[in-house]
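Report on the structure given below.
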Amino acid sequence: MKALIADDEFNVRDVIRHLGNWEQYGITQLIEACNGDEARSMIEKEKPEIILTDIKMPRMSGIELIEWLDSISYPGKVIFITGYNDYSFMRKAIQFNSFDYLLKPIEPDAFNQAIQKAVETWISDEEKRLYEENGLFEDAKKLQMNQLVTSVCAGDVSEIALLQSSLPAAEEYDMTLLSFYHMHDPSPYIQSLAEELSKQQWGNAFALQNDAALCVLLTIRGRWLAVEEWISQHFDLPVRLVSKPLDAFKEIPLLFQSLQKSMDEQHFRTIHRLDDLEAARRIKDIIAYVDTYYMEELSLEKLSSRFFFSREHISRKFKQETGMPLSKYVTKLRIDQAKSWLQNTDESIYSISLMLGYQDEKYFSKLFKKVVGMTPFEYRNSQALPQNETKTSTLS
């Protein structure tokens with residue numbers, strides 16, 4: 001597989017090259033473009049499966065590029081990597097079927113997760129295309145509806161009528177947000193729930209394409225108790241939920257934000273609580289998660305959302321298990337990784353600080369000195385390798 005990196009800044013392209021676990025995901029060739037016109041030419045010539053592009057570029061912007069790709073039904077997956085946290089850009093990206101939208105500075109694990117999912121989706125789509133050519137293509141309506149609901153929740157209400165057509169007719173509906181524990185695959189549960197809702201003419205369930213752990217339910221007003229009873233009988237894993245009346249379909253974007261806020265602030269109900277053994281295992285999962293994703297932005301709120309525990313419980317149990325608070329534990333992991341890179345690679349201190357999740361090189365250096373007792377530059381000099389040894393790049 002091929003991946004195209006399109007950005008007018010060489011340093012950004014260089015960081016992207018170094019951050020990606022390309023071979024792990026089956027990407028064997030990286031090609032680059034420094035502007036939109038060059039990117040278009042490279043796409044026509046090389047036909048990359050994955051395209052990583054900035055929004056603001058000379059000659060042709062990333063938005064213009066994806067409009068062109070959409071107009072020719074290009075099968076590759078487009079991931080925007082940009083410093084513009086602008087809703088109008090995000091809406092355009094969704095409208096023209098971008099796969100993901102990542103903000104600079106790039107977080108290594110979030111970046112690699114996006115690459116992995118894009119590759120998996122491309123492979124899945126390619127299989128469906130082959131099935132279609134062989135007369136075995138299955139109906140993709142559910143996937144399209146999931147994409148539509150994801151867009152509507154993000155603010156695009158231009159196809160509300162199509163969404164209404166997927167629901168049983170009623171004057172009033174309820175909107176419910178289900179949150180699944182992130183280490184479980186919710187797909188079969190959402191699928192079976194959607195089938196039951198459709199069978200009983202209660203409503204429909206939709207998997208959000210930008211967050212695999214979330215599911216949106218639109219159900220006829222007055223049917224929720226029956227829906228919840230079915231969930232409690234057929235789901236064998238913990239589920240969090242928040243629900244509110246939906247008075248008009250055009251209110252879905254604002255209501256979705258309200259439901260998310262309620263979930264984040266832990267104003268939810270739970271179906272199937274954890275037993276003591278599962279709770280103990282989940283604390284181990286939290287520590288393992290931090291050990292893996294310590295270069296991302298981690299917080300008690302984020303862990304609470306992912307692992308179905310309160311912030312206070314995680315804080316208390318994490319310190320009991322590790323002997324230190326979350327923030328101090330993360331700092332230790334990052335500094336240990338920085339020491340390894342300083343000793344064994346030629347990466348610049350600025351590049352290392354970015355890869356570790358620090359936007360400010362001076363802050364990183366000050367923190368490093370506070371923990372280690374010397375600056376990163378001093379540490380690298382003190383750990384200089386013998387002349388017959390060579391340093392490596394983090395990409396190798």
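The values are calculated or read from the model by the stated rules, or taken from the named source; none is laboratory data. The structure presented is a predicted model; accordingly, all values stated were derived computationally and were not measured. Here the Cβ is made from the backbone with ideal geometry for all residues, glycine too, and neighbour counts use every protein chain on show. These accessible areas exclude ligands, DNA and RNA; they are computed on the full protein's heavy atoms, side chains included. Shrake-Rupley method; radii C 1.70, N 1.55, O 1.52, S 1.80 Å.
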inquiry  = Of the candidates K284, K141, K56, which one comes out as most mobile in a Gaussian network treatment of the chain with C-alpha springs shorter than 10 Å?
reply    = K141
inquiry  = Taking the Cα centroid of the range 139-203 and of the range 39-73, what is the distance between the two, rounded to the nearest whole Å?
reply    = 31 Å
task = Please figure out what share of the DSSP beta bridges in the chain is antiparallel and state it in percent, rounded to the nearest 5.
result = 55 percent
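Given 0.36 nm per residue, what is the gain on full extension from R91 to E361 after removing their alpha carbon distance, in nm?
Numbers: separation 270, 0.36 × 270 = 97.20 nm, distance 3.28 nm.
That pair, R91 and E361, stretches by 93.9 nm at full extension.
Taking only C-alpha pairs under 8 Å that are 6+ residues apart, what is the relative contact order of the chain in percent?
On the way: 524 pairs, mean separation 45.9, N = 396.
Computed over the chain, the figure is 12 percent.
Which shape class applies to the range 1-86: rounded if a/c is under 1.5, otherwise prolate when a/b exceeds b/c and oblate if not, where a ≥ b ≥ c are the square roots of the Cα gyration tensor eigenvalues?
Numbers: a/c = 1.60, a/b = 1.13, b/c = 1.41.
It comes out oblate by the Cα gyration axes.
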query = Rounded to the nearest 10 Å², what accessible area does T28 show when all protein chains are kept and the probe is 1.4 Å?
reply = 120 Å²
query = On average, how much accessible surface per residue is there in the chain, in Å², for a 1.4 Å probe, leaving out ligands, DNA and RNA?
reply = 52 Å²
task = Can you tell me the relative contact order of the range 265-383? Whole percent, Cα pairs under 8 Å, sequence separation 6 or more.
result = 19 percent
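Give the carbon-plus-sulfur fraction of the accessible surface of the range 292-383 in %, rounded to a whole number; probe 1.4 Å, heavy atoms of protein chains only.
On the way: 2380 of 4990 Å².
Whole-percent figure for carbon plus sulfur exposure: 48.
Report in % the part of the accessible area of the range 45-124 that belongs to carbon and sulfur, leaving out ligands and nucleic acids; probe 1.4 Å. Could you put the intermediate results ahead of the total?
Values: 1840 of 3710 Å².
The computed percentage sits at 50.
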request  = Obtain the nm distance between the two label points defined at V371 and T270 by a simple spin-label model: each point lies 7 Å from its Cα along the Cα-to-C-beta direction.
outcome  = 3.2 nm
task = Calculate for the chain the 222 nm mean residue ellipticity that helices alone would give, adding -39,500 (n - 2.57) per DSSP H run of length 4 or more and normalising by residue count, nearest 500 deg cm²/dmol.
result = -16000 deg cm²/dmol
message = Rounding to the nearest 10 and keeping the result within 0 to 90°, find how far the Cα-based axis of helix 326-344 lies from the longest principal axis of the chain.
response = 50 degrees
